[in-house]
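Asks: For reference, the structure I am asking about is given below.
The values are calculated or read from the model by the stated rules, or taken from the named source; none is laboratory data. In this text, all values refer to a predicted model and were calculated from it rather than measured experimentally. Here the Cβ positions follow ideal geometry from the backbone for every residue, glycine too, while neighbour counts run over all protein chains shown. Keep in mind that these areas ignore ligands, DNA and RNA; they rest on the heavy atoms of the full protein, side chains included. Shrake-Rupley method; radii C 1.70, N 1.55, O 1.52, S 1.80 Å.
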Amino acid sequence: MTSLTYADEAGFFGAHGGRILPPHLEAPMAEVAAAYADAKDDPDFQARYEALLADYVGRPSPLFLAQRLTAELGGAKIYLKREDLNHTGAHKINHTLGEVLLAQRMGKKKVIAETGAGQHGVALATAAALLGLECEIHMGAIDIEKQHPNVVRMRLLGAKVVPVESGGRCLKDAVDSAFAVWAADFGETMFAIGSVVGPDPFPSMVRDFQAVVGREARRQILEKEGRLPTALVASVGGGSNSLGLFQAFLEDAAVAIYGVEPAGRGLENPGDHAATMTLGTPGTIHGMRTIVLQDEAGEPWPVHSIASGLDYPGVGPQHAHLKDMGRVDYVTATDDETLDAFQVLCRTEGIIPAIESSHALAYAMKLAPTLGADDTIIVNLSGRGDKDIDFVAERLGME
Ligand SMILES: *Cc1c(COP(=O)(O)O)cnc(C)c1O
C-alpha cells in the first residue's frame, strides 16, 4: 500500500506504524480502534465534533496575509494559519476534543494521558472539563517542577496530576506510568495520546481530528488567491499540527511541503537537537514502527530544543512514510534562527508566536525570498507564544 493519506488495515503507512504492544495492552487498544472506526462514519458524532469546533474552539481560524513580514522579506506572500487564535491558544484542542468525545461515546468516565511540557495535559483537561469526564495526567516529577504554570492550569481545570518518581522522572517515565494505570482500569478509562504518534489508531485518529486545519486552509487560499499555494510549512514534533495542515494537500503534487524539525544547538552532537527525520533511523518507540533518534542498542537519544513541544526522539509514522515517498521535505531550524523568527513576527505583525511555531516561521523566512511575488506560502502558526515570554526574555537578556 503506497497511499500518502491513509494507513492500511493493520495501521501501517508503508513500512511505518502498526500496533506494537505488550499483550496486556492489545485488548484496550483494539477497543479504541473499533470505537473510532465506528464513530468516524457516524454523522451524529461528526456533527457534535464540528459544533464544538465552531462554538467552543472558535473555528474556522483565519488565514491571515502577513503583509509587513512579506514586504520585509521580499518574494512569496506569507499567509499564517492562525491556530494560535483557538481557545487555549494552540492546535491541540482540535484533537483532545475529538478524543474526549470518543471516550464519552465509549461510555468511559475518565481520560488518562501523559504530558511532557504540559501542553497536551492542559488541552485534554480543558476538553474533559467541558464534557464532564474525569482527567488524570501523568507527568515526570522533574517536568512538574519545570512546568509549574501548566500544572496549575490542569488542576484548576479539575484534572488530577500524578507525579511520576520512577526512572529519569521525565516524559518517558510518565508514558510508562500512564499506560500501566490504563491497563489496570480500561473498563472505565480511555487513553488519549497528544500527537499523531503511538499505536494504531492514534496516528490516524489524531490526524483526522487535526485535518480540519488543512481543509479550512485549502478553502481559504482558494478564496483569497484563486489557486493552491506554492508551499506549506509547519513545525514537526510528534507531527500533529503539520499533518493537520498537510493532509488536504498531499495529493496536490504541485504544492511543495516542508516539515521543520528542531536543530537545537546544532546537528553535530546527539543530545543537542531533536531532528528525527534528518538524523534518525528506522526503529520502534511508543508502540509504533517509525524513524527514531536512537543509539545502536535502540535506546532513544536524549533530545533538545528550545521548544519543549518539539523535543521528541520519534515522529508520527505517516511522516516517516511521507519522507520515504519523497512527498514532504524535512528541514531544520536552529534555536537561534527560531528566536530571530519569533522576534521578527512580533515586530512586523503584532503576533507573539509559540516558540514551536517559530521553527516553521524561521524556515518560511528563508524560503520566501527564493520565490517570486506570485508565489504563496502557508505557515501553520500552531500556537501563541504567551507561554514562552519569560523564557525568551531571559534568553535575550531583557530582564
Ligand atoms: C505541541 C505543540 C507542537 C508540536 O506538536 P505536533 O504534534 O508536532 O504538532 C507545535 N506547536 C505547538 C503550539 C504545540 O503546542
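Asks: In the range 75-96, which residue that is assigned to a loop (DSSP other than H, G, I, E, B) and away from the ligand (no atom under 13 Å from the Cβ) is surrounded by the most Cβ atoms within 10 Å (Cβ to Cβ)?
Replies: Filtering first and then ranking leaves ALA76.
Asks: What are the pairs with Cβ atoms under 9 angstrom where one residue, in the range 158-170, is closer than 17 Å to VAL111 by Cα and the other, located anywhere, is open to solvent by 30 Å² or more (accessible area, probe 1.4 Å) and assigned to a loop (DSSP other than H, G, I, E, B)? Sequence gap at least six, or different chains.
Replies: PRO163/ARG169
Asks: Tell me the residue from PRO199, PRO282 that is in contact (Cβ under 8 Å) with a residue 60 or more places away in the chain, away from the ligand (no atom under 14 Å from the Cβ) and touching a Gly at 6+ places or on another chain (Cβ under 6 Å), please.
Replies: Being in contact (Cβ under 8 Å) with a residue 60 or more places away in the chain, away from the ligand (no atom under 14 Å from the Cβ) and touching a Gly at 6+ places or on another chain (Cβ under 6 Å) holds for just one of PRO199, PRO282, which is PRO199.
Asks: A follow-up question, please. Have a look at VAL255, VAL197 and point out the one that is open to solvent by less than 20 Å² (accessible area, probe 1.4 Å) and either among the charged types (D, E, K, R) or under 12 Å from the mean Cα position of the chain (by Cα) (or both).
Replies: The match here is VAL197.
Asks: Only one of these conditions is not met by LEU228: (1) in the same structural domain as TYR312 (by TED's automatic domain parsing); (2) within 14 Å of the ligand (Cβ to nearest atom); (3) part of a loop (DSSP other than H, G, I, E, B). Which number is it?
Replies: (2)
Asks: Now for a separate question. Of the numbered conditions (1) under 17 Å from LYS323 (Cβ atoms); (2) open to solvent by less than 10 Å² (accessible area, probe 1.4 Å); (3) not polar (S, T, N, Q), VAL213 satisfies every one except a single condition; which is it?
Replies: Checking VAL213 against (1) under 17 Å from LYS323 (Cβ atoms); (2) open to solvent by less than 10 Å² (accessible area, probe 1.4 Å); (3) not polar (S, T, N, Q), the one that fails is (1).
Asks: Of all the residues that make up the range 97-120, how many are within 11 Å of the ligand (Cβ to nearest atom) and either assigned to a helix (DSSP H, G or I) or without any contact (Cβ under 8 Å) to a residue 60 or more places away in the chain (or both)? First the steps, then the outcome.
Replies: Initial filter on the range 97-120 (within 11 Å of the ligand (Cβ to nearest atom)): 115-120.
Right, trim to either assigned to a helix (DSSP H, G or I) or without any contact (Cβ under 8 Å) to a residue 60 or more places away in the chain (or both) and you get 118-120.
The total comes to 3.
Asks: Hey, does the range 340-355 have a residue that's away from the ligand (no atom under 16 Å from the Cβ) and of a type in the set (A, V, I, L, M, F, W, C)?
Replies: Of the residues in the range 340-355, the ones away from the ligand (no atom under 16 Å from the Cβ) are 340, 343-344, 347-350.
Applying the additional criterion that residues be of a type in the set (A, V, I, L, M, F, W, C) yields 344.
Yes, that holds for at least one residue.
Asks: Name the single residue that is surrounded by the fewest Cβ atoms within 10 Å (Cβ to Cβ) among those in the range 290-308 being more than 16 Å from the ligand (Cβ to nearest atom) and not in a loop (DSSP other than H, G, I, E, B).
Replies: PRO300
Asks: Could you please give the count of residues in the range 318-332 that are within 13 Å of the ligand (Cβ to nearest atom) and in contact with a Lys or Arg (Cβ under 9 Å, 6 or more places away or on another chain)?
Replies: 2
Asks: Same structure, new question: Being assigned by TED's automatic domain parsing to the domain that holds SER242 and open to solvent by 30 Å² or more (accessible area, probe 1.4 Å): is that true of ARG105 here?
Replies: Here the answer is no, as ARG105 does not meet what is asked.
Asks: Where the second residue is of a type outside the set (A, V, I, L, M, F, W, C) and surrounded by fewer than 24 Cβ atoms within 10 Å (Cβ to Cβ) and the first is over 17 Å from ARG82 (Cα atoms) and lies in the range 228-241, which pairs have Cβ atoms under 7 Å and are six or more apart or on separate chains?
Replies: LEU228/ASP252; THR230/ASP375; THR230/THR376
Asks: In addition: Is it the case that some residue within the range 161-183 is at pLDDT 95 or above and within 16 Å of the ligand (Cβ to nearest atom)?
Replies: Taking every residue of the range 161-183 in turn, none turns out to be at pLDDT 95 or above and within 16 Å of the ligand (Cβ to nearest atom).
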